[in-house]
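Presented below is the structure to which this report refers.
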Amino acid sequence: ERVSDSYKKMLNRQYRMVPDICKFVSDYFYNGALICEKESNDKNSIWWIDCENSEEEPVGRSYANCEEADVIVRLVKKLDLMYQKGTTVGIICTYKAQVQKILKLLEAVETTNINLECSTVDAFQGKEKHTIIFNIVRSAKVTDFMSDENRVNVAVSRAQEALYVIGKKELV
């Protein structure tokens, strides 16, 4: 049963994200109405890593992208060297086959400083991590998933301090 709109209220103050990420989320998903209550001196908290030559491959009813998975593993290694022990990093993928591919590749990687979680967008709802790596996966066409504002909002708003978006820029 749907809840009446009279019972709904937007909570417009957030304490999770640094101002840079909050502004992006506010501008694109909340018409600029989200107010950031977290302070930070960092000016660059969002990075786009363009995988211009990446290609998706179907895996059953899902998709994987080898090039993007390799880029993510290299980024994880770099972050492990940069971050202090106990820093949380989440890898959010739009497809389960990509999650499985990345987890398989990460079996050969030893991280000493970061606590890592890799899953789909739906599994990340309600969670937050110091750093989020959002992997788009698809390279050939914009899908219903990427057209779903709520899911994209969930993916990018899980980050507290840093957000990396991995994908084919021309697709977005």
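The values are calculated or read from the model by the stated rules, or taken from the named source; none is laboratory data. Fair warning: this is a prediction, and the values are worked out from it, not measured in the lab. Glycine gets a Cβ as well: all are built from the backbone with ideal geometry, and neighbour counts include every protein chain shown. Accessible surface areas use protein heavy atoms only, side chains included; no ligands, DNA or RNA. Shrake-Rupley method; radii C 1.70, N 1.55, O 1.52, S 1.80 Å.
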Whether any residue in region 47-68 is surrounded by fewer than 16 Cβ atoms within 10 Å (Cβ to Cβ), closer than 16 Å to ALA162 by Cα and either under 16 Å from the mean Cα position of the chain (by Cα) or not β-branched (Val, Ile, Thr) (or both) is what I want to check.
yes
Residue list for region 92-109, restricted to those being open to solvent by 20 Å² or more (accessible area, probe 1.4 Å) and at pLDDT 95 or above:
LYS96, GLN100, LYS101, LEU103, LYS104, LEU105, LEU106, GLU107, ALA108, VAL109
Anything in region 10-32 that is open to solvent by 100 Å² or more (accessible area, probe 1.4 Å), closer than 21 Å to LYS127 by Cα and not hydroxyl-bearing (Ser, Thr, Tyr)? List them, or say none.
LEU11, ARG13, LYS23
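Looking at region 85-113 only, could you name the residues that are of a type outside the set (A, V, I, L, M, F, W, C) and part of a loop (DSSP other than H, G, I, E, B)? Even if it seems obvious, please write down each step before you answer.
Step one: list which residues in region 85-113 are of a type outside the set (A, V, I, L, M, F, W, C), which gives 85-88, 90, 94-96, 98, 100-101, 104, 107, 110-113.
LYS85, GLY86, THR94, TYR95, GLU107, GLU110, THR111, THR112, ASN113, listed by residue number.
If I ask for residues that are in contact (Cβ under 8 Å) with a residue 24 or more places away in the chain and surrounded by fewer than 17 Cβ atoms within 10 Å (Cβ to Cβ), which ones from region 33-45 would you list? Full working, then the answer.
First, the residues of region 33-45 that are in contact (Cβ under 8 Å) with a residue 24 or more places away in the chain: 37-38, 40, 42, 44-45.
If the condition is that a residue be in contact (Cβ under 8 Å) with a residue 24 or more places away in the chain and surrounded by fewer than 17 Cβ atoms within 10 Å (Cβ to Cβ), then GLU37, LYS38, SER40, ASP42, ASN44 are the ones that fit.
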Is there a residue being in contact (Cβ under 8 Å) with a residue 60 or more places away in the chain, within 23 Å of LYS169 (Cα to Cα) and part of a loop (DSSP other than H, G, I, E, B) anywhere in region 66-84?
no
